[in-house]
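Encoded as structure tokens, the structure appears first; notes follow it.
The values are calculated or read from the model by the stated rules, or taken from the named source; none is laboratory data. Just so we're clear, the structure is a prediction, and the values are computed from it rather than from any experiment. Reconstructed Cβ throughout: ideal geometry from the backbone, glycine too, with neighbour counts over all protein chains shown.
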């Protein structure tokens, strides 16, 4: 899948490490995607989509459909990390024109279509979770997710499990801790809300109330800024 996040978000750095200069459109696209990622995770709604639109315009100008596919997969990964649905129509259009096994493996992983994922084409950091998902083993999944070193990849893995498999408190707490440590408001609130729902469904009204009060306090503080 073209090393999804690592390829996209190092584009701006690559210009310093290559003998040949990176084309201007790639440099700009990398910068816009980095701004998109940051705005999305921090919950800055007004600047999020404009940054993504600018990035895809630059990539389209360079006629690079593979990089455009990666940009859309990056968008879908961020939505997954925040427990949100995504519209996959643009990626599927690109995939019909230029099929790619790694892109499709990652797309199916994000969709929760685990039986259709080609494990050999999936980034190695997610293969342990794929095995856990096949057996619906939440204990193994929690271990695999916690072991992922990159925090955003860890959140994506947590989002895949939480979106498509039974609720697990440890996985959700790992996601909450990851989002909190990085100041990522959008996924933080999403996982707190999910934990609140899980407590309610499990009949633990006391813990559910505590999570609800925490969320209300956090949202109140944001509204006062």
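With respect to the conditions (1) at pLDDT 95 or above; (2) surrounded by fewer than 22 Cβ atoms within 10 Å (Cβ to Cβ), residue 160 falls short on a single one, namely (2). Filtering 74, 48, 80 for residues that are at pLDDT below 95, assigned to a helix (DSSP H, G or I), within 28 Å of residue 173 (Cα to Cα) and within 18 Å of the chain's Cα centre (by Cα) leaves a single hit, 48.
Yes or no, residue by residue, for (1) more than 27 Å from residue 66 (Cα to Cα); (2) touching a helix residue (DSSP H, G or I) at 6+ places or on another chain (Cβ under 7 Å):
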| site | (1), (2) |
| --- | --- |
| 114 | no, yes |
| 129 | no, yes |
| 137 | yes, no |
| 155 | no, yes |
| 160 | no, yes |
| 180 | yes, yes |
| 198 | yes, yes |
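Pairs are defined by a Cβ separation below 6 Å, a sequence spacing of at least 6 or placement on different chains, a first member in region 171-196 that is touching a residue at least 12 places away in the same chain (Cβ under 8 Å), and a second member that is outside any helix (DSSP H, G or I) and surrounded by fewer than 20 Cβ atoms within 10 Å (Cβ to Cβ); the pairs so defined are 185/43; 186/43.
Pull up region 200-225, narrow it to residues that are in contact (Cβ under 8 Å) with a residue 24 or more places away in the chain and touching a helix residue (DSSP H, G or I) at 6+ places or on another chain (Cβ under 8 Å), then point me to the one that is nearest to residue 38 (Cα to Cα). Within region 200-225, the match that is nearest to residue 38 (Cα to Cα) is 222. So in region 163-194, with the set limited to residues that are over 17 Å from the mean Cα position of the chain (by Cα) and farther than 13 Å from residue 82 by Cα, which one is surrounded by the most Cβ atoms within 10 Å (Cβ to Cβ)? Of everything passing the filter in region 163-194, 168 is surrounded by the most Cβ atoms within 10 Å (Cβ to Cβ). Would you say residue 124 is out of contact with any helix residue (DSSP H, G or I) (no Cβ under 9 Å at 6 or more places or on another chain) and either modelled with pLDDT of 95 or more or more than 20 Å from residue 210 (Cβ to Cβ) (or both)? Considered against the rule, which asks whether it is out of contact with any helix residue (DSSP H, G or I) (no Cβ under 9 Å at 6 or more places or on another chain) and either modelled with pLDDT of 95 or more or more than 20 Å from residue 210 (Cβ to Cβ) (or both), residue 124 comes out as yes.
Report yes if residue 136 is touching a residue at least 24 places away in the same chain (Cβ under 8 Å), under 18 Å from residue 161 (Cβ atoms) and surrounded by fewer than 16 Cβ atoms within 10 Å (Cβ to Cβ), otherwise no. Yes: the conditions hold for residue 136.
Of the numbered criteria (1) within 20 Å of the chain's Cα centre (by Cα); (2) crowded, with 19+ Cβ neighbours inside 10 Å; (3) modelled with pLDDT of 95 or more, the one residue 30 fails is (3).
The residues of region 153-165 that are more than 16 Å from residue 124 (Cβ to Cβ) and part of a helix (DSSP H, G or I), listed by number, are 155, 158, 159, 161, 162, 163, 164. Residues that are over 19 Å from residue 37 (Cβ atoms) and exposed (fewer than 15 other Cβ atoms within 10 Å of the Cβ) within region 67-104 comprise 89, 92, 93, 96, 97, 98, 99, 101, listed in sequence order.
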